[in-house]
Every structure is written in structure tokens, then in C-alpha cells.
Amino acid sequence: ITSHVSIAGRHLVLTPWSKRVGISRRIDSERERRRLRDILTRVRPPELGFIIRTAGEGVREADIEADVRYLASVWDEVQLRKESLRAPAQLYSEPSLPLRVIRDMAHGRMRRIVIDDAATHEKMAGFLDRFIADPKPRLEHYTGALPIFDHFGLEPQIDANLGKKVWLKSGGYLIVDQSEALTAIDVNTGRFVGKRDLEETVLKTNLEAVKEVVAQLRFRNIGGLIIIDLIDMESAENREKVYRALREALRDDKAKTNILKISELGLVEMTRKRTRENLVQQLCETCSYCEGRGYVLSAESVAYKVLREIRKDLPRFCGRRIALSVNPSVAEMLLTRARKAVARLGEELGREIEIRARPGQHQEQFEVEALDSGPPVDLALSWLREPAPPPAVAASEPVQASPQAEPVAPPDADEPPDEGPGDPPGPDTLDEPAGEPIIPPSERLEES
């Protein structure tokens, strides 16, 4: 909640109660800042304040004037609604998507906008006439039988730009790999082999690639850190040509970009400001099958993992018929390449293992079901046997010597008493004369 009301336009931000002119700090050129300030001071209403956004850098006076006219009309409507409505009430909200498209994207180089809805066409035409400076794009109302996306071939373009591979006209291709940390774009020659030498082929591929990279960044709306892996060029002159071509292609990009020189390894590091969600975030959701990892365990890995899990719980299944329900591909693996391992496990269980293929089950999931409660089988497995407890002798009763046994002399103070083979160590098992208390060696040392 704030009392500092602001309404954003394409190039300006309206601050109705400040009555001052501000300029974005990201516009570095002092000459450009003076030019924009002079223009805005001339065309703005004196009772309203404005801030020039970064997107306003280099725009024409007519565009700034059109933005002032739009924002001033929005504020007038807010004032009228304030007088006619009782609180609580909404005084302003962002325009609908079609009107935002015109406000944020229409410019002098845009030739036409095609709409397939009559009511939307009428609203956009009124908005275009009121708030967009000349030259305006032409509005067309599409009335064809085919859906508008199919008529203009947009569906295949969207599908192609959701994939990782993008083909170039020369036969090369790009690999676009987006992650949380950065976006990596790899350039490859593909089928393009050139006509003269390798360096010329690499240069042509890289020049074509950088233009397509910029188009992909704009179409997919990729932001953040971007690494472009160009094909290695030996010539420093060629690297400079590709760098200039990339900078030239980025001139038409409205998003703020920062680009570094091409490194010796052929890498370009750049950043692009995030303005909204990228294409994948807008149209896609996390894969429910792999949970966003992009891979699942192979059928062979799952098959042997299942067998290890059964062997781990072998005592629970001994002597019982069990059924194993798995994905069909895992079932095929268990019945073919892993059949010997299944047979060996069945021998250890004492019963045959039934494999059931369950269509629709996740490849990494499995179920083990006991089909009966048969008697347990005595398995000759050493790791299942429990070791017998050692014989214990009560400590409160002295050990009596056998009548036939010869008396044993007390042990020497310098060495510990001998222990019989197989007897656990401890004072309770010492073979001493009857009636004589057992004295630990440490006490004997003190007495001596």
C-alpha cells in the first residue's frame, strides 16, 4: 500500500503529485538526457510529473507526446471515477492484453496488426487513433475460415521455438539450453561445409547464427545471463566482424543488454534484462513424469534395482509366491536380458517369481505382492544365520577344579593368566585352585 501513485506507459511513468521531470539512471548519455528533458518539459501538462523510462532512450518527440497524451487521459478517467464511485472501489487497472500490445509494441516500423475478433478490432482501432503517433500500423480484421494462427503459420513456429534445436538456412543449427543459472546457446555447422576453406565456412555460419540468436532471444523472451558458444575462429579480424554483427542485431532489441567481446575460446558472455516470463514459462509446465529432471532411470536400471530390493527383504518372501508388477518396458527387460538374474533369485526364494506388465505404470515404480503365505524355506545362506551365543559362567560362583587336574600355580605378577582356547577373555573363566579367590592381575601388581 502506498500513497505515491504511479502509472506506467511505454516510454514514461506518470507521477501525478510530484510535478517534476525525472530520467532513468540507465540512460548514460548526458546529451540524450538533456534532449529528453527538453522534449518532456515542452509537451507535459504543468500539473503532472513524469519519469522517462530506459525504453525512452532515442525515441522521437512524437512518441513521447503520444505517451503523455495517453497517461494524461488515464489520469483524467481516474479523477472522474473517484468523483462518481463510493469507496471501496477500483479506480484503475491495467488495460487488456490487446491494448497493451498496441501500447508497448506498436511503432513506426510495424506495418500491420491482424485481429480475428470484431469487438477487439474496434477497441484497438480507437486506442490506436487516440494514443499512437504517426506512422501507425495498419489494423486488419481477419474473417477467414481457418484459425488465424494456422492461416499465418504461427503454430509450427511456436512448436519449433519450444524445442532446443533451431536450424539455420545454411544448414547449420543452434542448440538453446535454458536452465535456472543461465542460457547456453551452441552454434554448429551441421550440414554446411562451405565452398572454399574451413575459416570461411565458420565465418559465414557465425554471422548467420548471431542474427538468429538475437531473434530467438526476442521470440523466446530469454533474460538473465546468456553464453553463446560460437564456432572457433582463428582470425581476430573475423571475430571482430561477428562481434559487430551481433551488436548491430541487438540494436532493435528493446530489452536492456550488456555484451562482452568474443573470447579466445569463441564464447560470448552477455546479459539481457528480464521483462516478463519467457516462452517456456508461459506455455509449458513441469513434466509430471520426470518431475522436471528431463530424464528417468532406464528400464535396465529399474529391473536390476527391483531385484536388489527383493533380495534385501528376502526373509519376508522366503517360500512364498510373489508377483512383481512393473512398467511394460521393465517387464520386457526382466524377461529377456535379466531373466538369469530373476531365475537365480527365484531359486533363493524357493518359488518362481511372476512378472506382470502393467500399462500406464511409471517406469521407475514397481510393486511386489506376496500371493500366498506358504511355510518358510530353510535357506543355506550364511548371512541369514544368527551366530550362537557364547557359554556364560555365573560370576558369583567360584570355578571348582577337577579332582584329576593338577593344581595350577598362581600366575606370575609380570604376565597375565593363560586363557583356555575357545573361552572368552575375562576373570570369570580363570582356572584357579578351589577356594582361592580370583585376584585380578592389577591388584596382584599392587600387592607385590
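In this structure, does residue 285 turn out to be at pLDDT 85 or above and at positive phi? Taking the combined requirement at face value, the residue does not satisfy it. For region 315-344, filtering for residues that are of a type in the set (Ser, Thr, Tyr) and in a strand (DSSP E or B) leaves 1. None of 93, 73 is of a type in the set (Ser, Thr, Tyr) and at pLDDT below 90 except 93.
Within region 167-181, is even one residue closer than 19 Å to residue 64 by Cβ and in contact (Cβ under 8 Å) with a residue 40 or more places away in the chain? Checked against the condition, which is being closer than 19 Å to residue 64 by Cβ and in contact (Cβ under 8 Å) with a residue 40 or more places away in the chain, region 167-181 yields no hits at all.
Given (1) surrounded by 15 or more Cβ atoms within 10 Å (Cβ to Cβ); (2) closer than 23 Å to residue 281 by Cα; (3) not assigned by TED's automatic domain parsing to the domain that holds residue 244, identify the lone condition not met by residue 183. Status for residue 183: all satisfied but (3). Which residue is surrounded by the fewest Cβ atoms within 10 Å (Cβ to Cβ), if the candidates are limited to region 80-105 and must be of a type in the set (A, V, I, L, M) and under 33 Å from the mean Cα position of the chain (by Cα)? That would be 97.
Being within 38 Å of the chain's Cα centre (by Cα) and over 26 Å from residue 102 (Cβ atoms) holds for only one residue in 25, 33, 20, and it is 25. Counting only helices (runs of 4 or more DSSP H) that sit completely within region 110-191, those holding 3 or more residues that are at pLDDT below 90 correspond to 118-131, 154-162. If you go through region 7-28 and pick out every residue that is part of a loop (DSSP other than H, G, I, E, B) and touching a residue at least 12 places away in the same chain (Cβ under 8 Å), you end up with 11.
The values are calculated or read from the model by the stated rules, or taken from the named source; none is laboratory data. Every value quoted in this text rests on a predicted model; they were computed, and no experiment measured them. Don't worry about glycine lacking a Cβ; one is built from the backbone with ideal geometry, like all the others, and counts go over all protein chains shown.
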